[in-house]
Structures are given as structure tokens and as C-alpha cells.
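Student: Provided herewith is a single structure, encoded as C-alpha cells, for subsequent inquiry.
The values are calculated or read from the model by the stated rules, or taken from the named source; none is laboratory data. In this text, all values refer to a predicted model and were calculated from it rather than measured experimentally. Every residue, glycine among them, receives a Cβ derived from its backbone with ideal geometry; neighbour counts consider all protein chains shown. In case anyone asks, the SASA skips ligands and DNA or RNA and just uses the protein heavy atoms, side chains included. Shrake-Rupley method; radii C 1.70, N 1.55, O 1.52, S 1.80 Å.
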Amino acid sequence: MKKTLLLLFILCASATVFSQNPNAKKVKPPIDFYKISSADRDTTFVDTTLSIAKKYNFNYLRRDNFELLQFSNVGQTYNSLAYSFDRLNLKPLFAAQAHHFNYKEIDAVNYYNVPTPLTELYFKTAYNQGQQLDAFFTVNTSPQFNFSIGYKGVRSLGKYQHILTSTGNFLFTSNYRTKNNRYLARMHVAAQDILNQENGGLTENSLALFINDDPEFNDRGRLDVNFENAENKLEGLRFYGDHYYELISQRDSTAYSVLTIGNVLSYEDKFFRYNQTAPYESFGPSYETTNLETKTKLEDFNVKAYANFDNSLIGKLSAWAGYNDFNYGYNSVLVLDDVRIPNRIQGSIFEAGAAYEKEYHGFKLSGKGAINVAGDFDGNYIQAAASYNLKEEYNAKASITVHSVAPNFNFLLYQSDYQNYNWKNELNNIKTQELKFEINTKRFGNASVSYTGIDDYAYFGIKATDSTPSPLQASERVDYLKIKAQKEFTYGLFALENTVMYQQVLSGETVFNVPQLITRNSLYYQDHWFKRALFMQTGVTFKYFTKYNMNGYDPVLAEFYVQNDQELGGFPLVDIFFNAKIRQTRIFFVYENFTSLFSSKNEHFAAPGYPYRDAVLRFGLVWNFFL
């Protein structure tokens, strides 16, 4: 970490030196000159305003976590209150998906183009003996070349025994374009590690003390946990590059026709490790009596060639072909009395795909599809969408998606020193069909409706004869309805922001658990103070979700599993906040979960055995420097 911070300092200092002319008159360019390009090449710009949405994004993930339920310590996992099926992968995902909430994937990486060096610092206090820091710097050394460097680190001891978290996300990006804009290249390097001490939740006696709200145990460190000798760690290193060249570039004031060819190359090395100094009886018998350790590894290489033809009359046509080589598994084969557990799933995939997009007078038609034409896994998807934009006042979109992909690697193969956590399975592809409608209006708010059907749904669950979770595949179809609405009302200097979600599992409710209702409402006052030198917002945020069979958490797998024995939730979450903006600095004070001081603890959990966080006062800021 020290080396990373030193590198950050050196690059920032050197970039500042060679990008600035000390004799030049400093005039700050307009804010929309500081451009951000997404992985899909959509362009936005740096936003330093203060809004209620910024308050929702001011958290460990740096995004709105309305559909998530945080565990008690910063850097731990999140339980899911709702689900989305937007990811169109053609091969299985890695293990330990419960620790991937803060893992930055390829499609979450942004690239920059700025007229002057830009720095952003994010800071927020943690729950006990720790802090959060997210430091970012970007500079254009010329109009054609930009690089950025950032490090996001968290370390927090937490309120309960043995739940220390220590995470780090290092990201370096660069992008280059020629002066005639016909050739463009971009790349990034990401090094990420997410370490969590695990305690298995509270013991039965401690659960009773917590639920009864015994004042002698308001110091949560006095509550006993199931074990204090385990930790798991997710780590990944990724190299990514993408470049293209415009073979044909014809543009004038009335029409355009552009043909580009490009290539994408990526390599990622990931591992997940679980270690424990002595076995825990509830996880079942073990092969070792001391120093249990399991390391799951994935090497993933991808190369893709693509071509795009963009014409003002025809629209945009794209086609691509890709190759993927993967190597998932363990160092040794496990031979049991009646079964042999192999150590590897190794192979390759060849994929092909195409996409189309056309806009006309506010209407937009788009579609894309891809299929594994050869290789060790079958997979395909097709998506079609139609949308309409009426300037900035109204937007409506309808889409349909059909997706088929194999279950994640740890459903197919897993090894552990615990005997119950060893398997090799042959499972069917998960087949998902989704119909979705979205509407966004300035006057009436935003709303979305999605209906998702899932055949051969794969999940972790506990069989009647077992005490630990294992991979299962549903024999019945899952049908899932999700309706979400958002609207803000303003009156003078007061505002009320409302987000409401209704969910219904129409079939498959024994394997797919979600709360029926989630609501979040913020009532706040906002004004300019001190001759408009400071803009402030202060108020309360109320969040509530109905009781449901909340998924359990398994630390050996770092996965959530379905359970139908315990209904949890149904408790209010109230935050009191004061936010302020002074120039380019946004300051946040929040008293989180205020109602836990006097509310019942019967269902006050983030997962069975894992209490939700207590009331705490936290402070933080986001500070942008434009040099």
C-alpha cells in the first residue's frame, strides 16, 4: 500500500509539473470540458454539484445502494433486496460473488479527457479504528493523451469481534487519440484485494442478548461470535487494452459514413482464499485438524476483433468475433471413497456477435446478440430495445432480453478442507427471459417495470439432510415481477424525494426470496448561506423493507444461500443528515440508523445471525481540485 501511495504522489507531482506553464494566465475551463468516457464510450462530464442523489452515492461503493442491505462493518458484503439481470456474460463467473460488490469490472472503468489536471479526494469515517479513502488524479499531457491513477482503500475494525476489513482497489488508465481522431487506444491496469475476517455470526446466547437489547452488551465487542480464527480474501490483477482505427472517415454537415476496425485484449488473474486455524463444527467434518486453507484460482484471457459501420442513413452496424481461454480450479485432485473431484475446469470458447442501432427524430431502435459458436460452454443472448426521447422532458424505453449461460464456476467445481464443501456438478444452463419498460419524465418522475422468467435457476441452498449450503438447480420456473417508481416533490426550500419498489415472485418463491416492498423517502431543507458562499441540505432519510426469508451468508464460499426458516427485516432505517457545498468541496455529516436507539431488535439483521449496524455519527467529504 505504501508503494502504491508513493507512486500516486510521484505521478501526480510530475504530471503537475510538466502539464502546467507557470507563466500562463490561469483561466478555469468550463466544467463540461472535463470529460468522462464509459466502457461503452458514452460521454459525460465531471459533476461537482450537491444533490440528494450525491448523498445516496456517498458510501463505500460510491453508488446508490437502494437495493442492498449493508452488513455491520464497512467493507463487508451486502445482502440483496432486489435483483437485476443486466449482465450478458457468455461464460461462468468466478467464485465468491458476495465479495464482488466492490470489485471493479471492465465495464465499470472510466477514461478521461481534461483541459487541466483534476484531482478528487473522497474520505469517510468508518465504524471503529479505520477510515475510507478514495484518491484519484487525471491529467492530459497533451490534447491527445490522458492518464489517470486512483486508489481506493478501506480499513475498519468494526463493532463486533473478528470482522476487520481491509480492501484496496488500484486503477491506472490511459487513452490516446491521433490529431485527426482516426486512431484511438485506451488501456487500464487494475489490482484489487478484498480481505474480510469472518466470525460466522453471533452464537445462540449472544443472539438472545442482542434481541433482548441487554444494556450490558451495548458494547458489541462483548457479544460472543461462533469463531475468531478465519478470514477470506479475494484478489485480482487485470490488464486491458482496446484500440480501433477508422478505415473510412467521411463527414460533412449533412451526412457521415465511418468504418472502423478494432481489437480488444484482456488478461485477468483472480483468486479467492479461505483459511481457518481450526475447524468449526457446524461446517461439518474436515480433512485437516489445524490450518485449513483453500485457494480457488481463475486465469482468464480474452481477445476480440470487431468492426463498426456508422452511416447517417442506415444507422450503426457492429460485428465481432472473440476467443476466450480460461483455467479455473485448484492445485490437486481430491480422491474420495466413492467419487473423484477433479482440480480443474480448463478450456476455451469462440464467440461471435452483432449489434445494430438507429436513431430518427427522437426514436431509437437497437439490438444485439452473441453466441458461443464453439468451445467448452454453450451460451447466447439476444436483446432488442426501442426508445423515444422528447428533448430532455420525456424518455421511454422498452426492451426484451433472452439469455442463456452456464452457472458460475463454483457451482460446477469446488474444493475445501471441509468435507461438505467438495463437489463436481453437471448443471443445465440458466435461461433468463426479461421484458422491461422504463419511463423518465421531469414532471411526473421515473418508473420502471420488469418481468423476468428464469428456467433452471441455480442457487445455493441447504438440503434437508445437510447442515451446509451446496449448489442446487430449481426444477420449477422462477417468475419475478419488479416495479420501481421515483419522484421528488419540492415546495419552496423544502423537498421530498421518494423511491418505492414493489416486488412479487409469482412462481419459484421457495428458491427466490425478496421483500415485497422497499421504500426510501428523504425530507430535507436546502438553502444558500453566507451570501451564497455555502449551499446546504439537511433532513432525514427513511428506508423500510417488509419482512421476508432473508438469504443467509456462508463465509467458506463467500456466497449467499436461500433459507426459508427465518423471516427478518421489517425494521425502519432513519438517517439524519447535514450536507454542504463550499466551492468544489462537498461535506457530509450523517447520523446513521438513528431509530436503532429505541426500536426492537427482533428482526434487526443483515442476514441470519449477522446483526445490522447500530446508530453511529459519520463524517466525510468529496473534494475536487482543478489545477
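Student: Among the candidates Lys270, Lys295, which residue alone is within 27 Å of the chain's Cα centre (by Cα), in a strand (DSSP E or B), charged (D, E, K, R) and loosely packed, with under 15 Cβ neighbours inside 10 Å?
Tutor: Unique residue meeting the criteria: Lys295.
Student: Here is a follow-up. Confirm whether Asn327 is open to solvent by 50 Å² or more (accessible area, probe 1.4 Å), without any contact (Cβ under 8 Å) to a residue 60 or more places away in the chain and in contact with a Lys or Arg (Cβ under 8 Å, 6 or more places away or on another chain).
Tutor: Values: open to solvent by 50 Å² or more (accessible area, probe 1.4 Å): no; without any contact (Cβ under 8 Å) to a residue 60 or more places away in the chain: yes; in contact with a Lys or Arg (Cβ under 8 Å, 6 or more places away or on another chain): yes.
Spelling it out, it is not the case that Asn327 is open to solvent by 50 Å² or more (accessible area, probe 1.4 Å), without any contact (Cβ under 8 Å) to a residue 60 or more places away in the chain and in contact with a Lys or Arg (Cβ under 8 Å, 6 or more places away or on another chain).
Student: Mind listing whichever residues of region 515-557 are in a loop (DSSP other than H, G, I, E, B) and open to solvent by 20 Å² or more (accessible area, probe 1.4 Å)? Break it down stepwise before answering.
Tutor: Filtering region 515-557 for residues in a loop (DSSP other than H, G, I, E, B) gives 515-516, 530-533, 546-547, 550-551, 555-557.
The answer is Gln516, Phe530, Lys531, Arg532, Ala533, Thr546, Lys547.
Student: I'd like the full set of residues that are out of contact with any helix residue (DSSP H, G or I) (no Cβ under 9 Å at 6 or more places or on another chain) and open to solvent by 30 Å² or more (accessible area, probe 1.4 Å), limited to region 109-126.
Tutor: Initially, region 109-126 is screened for residues out of contact with any helix residue (DSSP H, G or I) (no Cβ under 9 Å at 6 or more places or on another chain), giving 109-112, 118, 120-126.
Within region 109-126, Asn110, Tyr112, Glu120, Leu121, Phe123, Thr125 meet the criteria.
Student: Just name the residue that is modelled with the lowest pLDDT out of those in region 572-609 that are open to solvent by 20 Å² or more (accessible area, probe 1.4 Å) and aromatic (Phe, Trp, Tyr).
Tutor: Once the filter is applied, the top-ranked residue is Phe598.
Student: Pull out all pairs, ordered by first then second residue, where Cβ-Cβ is under 6 Å, the residues are six or more apart or on different chains, the first lies in region 282-305 and is basic (Lys, Arg), and the second is modelled with pLDDT of 95 or more.
Tutor: Lys295/Phe271; Lys295/Arg273; Lys297/Phe271; Lys304/Val264; Lys304/Trp320; Lys304/Gly322
Student: Could you check region 133-152 and list, in sequence order, the residues that are in contact with a strand residue (DSSP E or B) (Cβ under 8 Å, 6 or more places away or on another chain), open to solvent by 10 Å² or more (accessible area, probe 1.4 Å) and more than 28 Å from Arg618 (Cβ to Cβ)?
Tutor: Asn140, Thr141, Gln144, Phe145, Phe147
Student: Suppose the filter is open to solvent by less than 30 Å² (accessible area, probe 1.4 Å), polar (S, T, N, Q), within 31 Å of the chain's Cα centre (by Cα) and at pLDDT 95 or above; does Asn372 pass it? Talk me through it step by step, then tell me what you get.
Tutor: Details: open to solvent by less than 30 Å² (accessible area, probe 1.4 Å): yes; polar (S, T, N, Q): yes; within 31 Å of the chain's Cα centre (by Cα): yes; at pLDDT 95 or above: yes.
Yes.
Student: Hey, another quick one. Name the residues in region 413-444 that are open to solvent by less than 30 Å² (accessible area, probe 1.4 Å), modelled with pLDDT of 95 or more and over 29 Å from Asp338 (Cα atoms), would you?
Tutor: Hits for region 413-444 are Thr432, Glu434.
Student: Could you please let me know if Val114 is closer than 24 Å to Gln70 by Cβ and in contact with a Ser or Thr (Cβ under 9 Å, 6 or more places away or on another chain)? Before you say what the answer is, go through the steps one by one.
Tutor: On the way: closer than 24 Å to Gln70 by Cβ: no; in contact with a Ser or Thr (Cβ under 9 Å, 6 or more places away or on another chain): yes.
Taking the combined requirement at face value, the residue does not satisfy it.
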